[in-house]
Amino acid sequence: MPKNEQVTLFLWLPGLFPRRVSYWLLIKGLVSSPHDLLDGTTTDPNLSIVRLNLHMTPTGSIVWESNPENDPLPTEISTSSPCLRIRDTETGNERWVRESSSIIAHLEEVYADRGPALKSKDLLDIAATNDLVGQINLSVIESLTYIRHASPQFAAFSGIKEEERSQAAARLGHQCMVKGFLKVQDWAGDSLATTGWLTPGTDGPGLVDANLAAVRRYLELVYGWNIFEKEELKPLAEWYERFKGLSWWGALEERPNVHPPELKFTIEKFEV
Ligand SMILES: N[C@@H](CCC(=O)N[C@@H](CS)C(=O)NCC(=O)O)C(=O)O
């Protein structure tokens with residue numbers, strides 16, 4: 001990274017999408033432990049973490065409280081976390097990256113010479129990585145359609161009235177999500193067979209792995225939902241068990257109170 005750049009991550013640590021960044025930071029060694037991550041401490045003085053706390057207003061909109069307080073996420077830039085700010089310390093000029101998958105892909109370029117590679121250098125592997133990340137993000141949208149209709153609390157949060165919730169919409173979302181994950185499983189078949197990981201051309205877990213593991217873990221924590229429960233997704237279920245074997249997993253993801261109890265929701269069980 002150029003000497004005059006200060007890079008800041010705005011992270012709501014319990015969230016789904018910021019979790020992708022947390023996993024990336026831990027695999028890369030840019031935070032040295034889950035304890036340091038929760039504390040907002042990185043191993044590079046040019047990289048800072050602003051931790052966000054979520055507050056819901058009575059009208060249901062989200063307000064972020066930042067730690068440190070004097071560095072809030074500007075709402076004219078984004079209302080969502082994660083967010084990445086790159087500030088030129090000489091000119092004060094700022095640029096922003098706003099999407100979790102783009103943020104970790106960008107940081108992986110910036111920190112290409114540090115820690116393990118989470119992305120291949122081979123151009124075709126990179127294209128395949130982009131295919132996989134894109135497909136994961138499409139499947140996440142389908143999973144959101146499912147829970148918008150299957151979870152009374154998430155429906156209410158999304159502005160869907162109880163009588164408007166639809167089993168057909170939930171079922172379709174679920175089916176499309178499974179179809180999408182089957183594509184991921186198929187497209188990652190070679191790397192799963194050779195390295196056990198989803199990211200093409202890396203030795204260990206990479207960008208694709210961080211992007212998907214965060215989704216699997218968050219939906220389990222909030223809804224008690226295993227998104228790979230269908231028998232046909234067994235290779236992904238086995239991959240996730242492998243991911244849980246990473247050295248930092250237990251200290252981060254199995255610590256007491258890992259998820260705020262007020263953000264645990266239910267899913268109505270019906271045949272999907
Ligand atoms: N597509 C975005 C989604 C980010 C997102 O929705 N983040 C949630 C927290 S996990 C959020 O900030 N929601 C509040 C909002 O969008 O205003 C990404 O991949 O980063």
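The values are calculated or read from the model by the stated rules, or taken from the named source; none is laboratory data. In this text, all values refer to a predicted model and were calculated from it rather than measured experimentally. Ideal geometry is used to build each Cβ from the backbone, glycine not excepted, and the neighbour counts take in all protein chains shown.
Some points to look at:
- Among the residues here, Thr41 does not qualify as exposed (fewer than 14 other Cβ atoms within 10 Å of the Cβ), more than 27 Å from Leu138 (Cβ to Cβ) and within 15 Å of the ligand (Cβ to nearest atom).
- Pairing each residue of the stretch 88-102 that is within 26 Å of Ile136 (Cα to Cα) with any residue that is aliphatic (A, V, I, L, M) and modelled with pLDDT under 95, provided the two are 6+ apart or on different chains, yields C-beta distances under 9 Å for Trp96/Ile77; Arg98/Ile77.
- Verdict on Ala210 being crowded, with 21+ Cβ neighbours inside 10 Å and either away from the ligand (no atom under 16 Å from the Cβ) or not acidic (Asp, Glu) (or both): yes
- Of the residues Ser78, Ser61, the single one that is loosely packed, with under 13 Cβ neighbours inside 10 Å, over 25 Å from Pro205 (Cα atoms) and near the ligand (Cβ under 10 Å from one of its atoms) is Ser61.
- Qualifying positions in the stretch 1-28 - under 15 Å from Glu253 (Cβ atoms) and not small (Gly, Ala, Ser): Leu13, Pro14, Leu16, Pro18, Arg19, Arg20, Val21, Tyr23, Trp24, Leu25, Leu26, Ile27
- Scanning the stretch 99-109 finds one or more residues that are over 17 Å from the mean Cα position of the chain (by Cα) and either more than 10 Å from the ligand (Cβ to nearest atom) or not in a strand (DSSP E or B) (or both).
- Within the stretch 128-174, the only residue that satisfies the criterion of being more than 23 Å from the chain's Cα centre (by Cα) and among the β-branched types (Val, Ile, Thr) is Ile160.
- Consider the stretch 44-58 and keep the residues that are touching a Ser or Thr at 6+ places or on another chain (Cβ under 8 Å) and either of a type in the set (Val, Ile, Thr) or free of Cβ contacts under 8 Å to residues at least 24 places away in the same chain (or both). The one that is nearest to the ligand (Cβ to nearest atom) is Val50.
- Evaluation of Cys83 against (1) more than 26 Å from Ile227 (Cβ to Cβ); (2) within 16 Å of the ligand (Cβ to nearest atom) (one fails), failing number: (1)
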